[in-house]
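Notes follow once the structure below has been shown.
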Amino acid sequence: MLAARAWRAIAVGTLDILRGRAKPPTLVQDGGRLGLPADFLIAPDGRVMAAGYGVHADDQWPVGKLLTLAAEARTVLA
């Protein structure tokens, strides 16, 4: 949560809580809202073609990487 790239997401989430658009996290969590994100590329047949595990709160695949992974997965499935 202390990564500078995550600060915007933290600020937006905090504003949503203050505006009543989101509920604040509970004090006891099982990897819930304060857990780290994970991205999965899943084929139509249910196979996981790629997985990425975040290292900070706002760490997702950039669009370019997602498109590359999807193109690579398409060639594997063909």
Practice problem: Could you list all residues from region 2-27 that are of a type in the set (A, V, I, L, M) and at pLDDT 90 or above? | Solution: ALA11, VAL12, LEU15, ILE17, LEU18, ALA22
Practice problem: Enumerate the pairs (first residue in region 64-77 and under 11 Å from LEU41 (Cβ atoms); second residue anywhere and at pLDDT 90 or above and exposed (fewer than 11 other Cβ atoms within 10 Å of the Cβ)) with beta-carbon separation below 9 Å, excluding pairs fewer than 6 apart on the same chain, so at least 6 apart or on different chains. | Solution: none
Quiz item: Just to be sure, is VAL48 touching a residue at least 24 places away in the same chain (Cβ under 8 Å) and of a type outside the set (D, E, K, R)?
Solution: no
Quiz item: Given (1) at pLDDT below 85; (2) open to solvent by 40 Å² or more (accessible area, probe 1.4 Å), where does PRO37 come up short, assuming only one miss?
Solution: (2)
Quiz item: Does PRO44 satisfy the criteria of being assigned to a loop (DSSP other than H, G, I, E, B) and at pLDDT 80 or above?
Solution: yes
Quiz item: Are there any pairs with C-beta distances below 6 angstrom linking a residue in region 5-21 that is open to solvent by less than 100 Å² (accessible area, probe 1.4 Å) to a residue that is assigned to a helix (DSSP H, G or I) and not acidic (Asp, Glu), with the two at least 6 apart or on different chains, and if so which?
Solution: none
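The values are calculated or read from the model by the stated rules, or taken from the named source; none is laboratory data. In this text, all values refer to a predicted model and were calculated from it rather than measured experimentally. All Cβ positions, glycine included, derive from the backbone under ideal geometry; neighbour counts span all protein chains shown. Side chains included, ligands, DNA and RNA excluded: accessible areas come from the protein's heavy atoms. Shrake-Rupley method; radii C 1.70, N 1.55, O 1.52, S 1.80 Å.
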